[in-house]
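Asker: Questions regarding the structure given below will be posed in turn.
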Amino acid sequence: MSKKFLNAPTASSVRLIPFTKAKVVSGIIPGAYILIVSGIKPYLNMRVRLIPLVYIQRPDYWGIEVVGSLPGIGLPTTAPYTVSLPLDGITGKKGIEVIGANKKLKIAVPPK
């Protein structure tokens with residue numbers, strides 16, 4: 001990534017959030033895999049997404065961030081979340097690494 005991009009100000013409406021479970025499951029098509037992540041979000045109206053990192057070369061474990069964003073005023077009630085992401089084209093040589101506010105978890109792809 002360019003230094004200009006990395007030195008840009010960070011967004012204040014987007015944050016890494018904690019997750020409790022992450023697993024990779026087989027998709028419908030042979031050789032396709034899907035990441036499923038779940039946890040508790042701190043705001044009822046928070047949108048949770050899985051965002052793959054950008055790399056110049058394919059890493060051993062492709063980083064995928066668990067990100068929460070708020071569309072305005074946050075409703076301060078916790079709620080469970082489950083999000084998924086097809087792993088087509090975003091798998092490292094050995095697998096993926098799920099990156100949340102509370103931990104990082106490496107998962108082999110295909111699952112063992």
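What follows is calculated from the coordinates using simple rules that are stated; it is not laboratory data. Everything quoted here is computed from the prediction, not taken from an experiment. Virtual Cβ from ideal backbone geometry, glycine too; neighbours counted across all protein chains shown.
Asker: If I28 meets every condition in (1) touching a Phe, Trp or Tyr at 6+ places or on another chain (Cβ under 9 Å); (2) at negative phi apart from one, which number is that one?
Answerer: (1)
Asker: What is the number of the single condition among (1) under 27 Å from P111 (Cβ atoms); (2) more than 14 Å from the chain's Cα centre (by Cα); (3) buried (at least 16 other Cβ atoms within 10 Å of the Cβ) that M46 does not meet?
Answerer: Single failed check for M46: (1).
Asker: Do we find a residue being polar (S, T, N, Q) and in contact with a Gly (Cβ under 8 Å, 6 or more places away or on another chain) anywhere in segment 63-86?
Answerer: Start the filter on segment 63-86 by keeping residues that are polar (S, T, N, Q), which leaves 69, 77-78, 82, 84.
Narrowing the set further to residues that are in contact with a Gly (Cβ under 8 Å, 6 or more places away or on another chain) leaves none.
No: segment 63-86 contains no residue that is polar (S, T, N, Q) and in contact with a Gly (Cβ under 8 Å, 6 or more places away or on another chain).
Asker: Can you tell me which residue in segment 69-89 is nearest to the chain's Cα centre (by Cα), limited to those that are hydroxyl-bearing (S, T, Y) and part of a loop (DSSP other than H, G, I, E, B)? Give the steps one after another, and end with the answer.
Answerer: Looking only at segment 69-89, we keep the residues that are hydroxyl-bearing (S, T, Y), and these are 69, 77-78, 81-82, 84.
The next check asks that each one be part of a loop (DSSP other than H, G, I, E, B); those that pass are 77-78.
Values: T77: 22, T78: 19 Å.
Top of the filtered list is T78.
Asker: Among the numbered conditions (1) part of a strand (DSSP E or B); (2) within 28 Å of K3 (Cβ to Cβ), tell me where K93 comes up short.
Answerer: (1)
Asker: What pairs come out if I take residues in segment 94-112 that are at positive phi and pair them with residues that are of a type outside the set (A, V, I, L, M, F, W, C) whose C-beta lies under 6 Å away, six or more apart or interchain?
Answerer: Once the first residue is at positive phi and sits in segment 94-112, its partners that are of a type outside the set (A, V, I, L, M, F, W, C) give G95/Y61.
Asker: On to the next question. Taking interchain pairs and intrachain pairs at least six residues apart, which have beta carbon atoms under 7 angstrom, with the first residue in segment 46-57 and at negative phi and the second surrounded by 13 or more Cβ atoms within 10 Å (Cβ to Cβ) and assigned to a loop (DSSP other than H, G, I, E, B)?
Answerer: Pairs found: M46/L70; M46/G74; V48/I17; P52/I90.
Asker: Another question, then. Can you pull out the residues in segment 33-54 that are touching a strand residue (DSSP E or B) at 6+ places or on another chain (Cβ under 7 Å) and either of a type in the set (K, R) or in a loop (DSSP other than H, G, I, E, B) (or both)? Break it down stepwise before answering.
Answerer: The first filter runs over segment 33-54 and keeps only residues touching a strand residue (DSSP E or B) at 6+ places or on another chain (Cβ under 7 Å), leaving 33-41, 44, 46-53.
Correct list: K41, L44, M46, R47, R49, L53.
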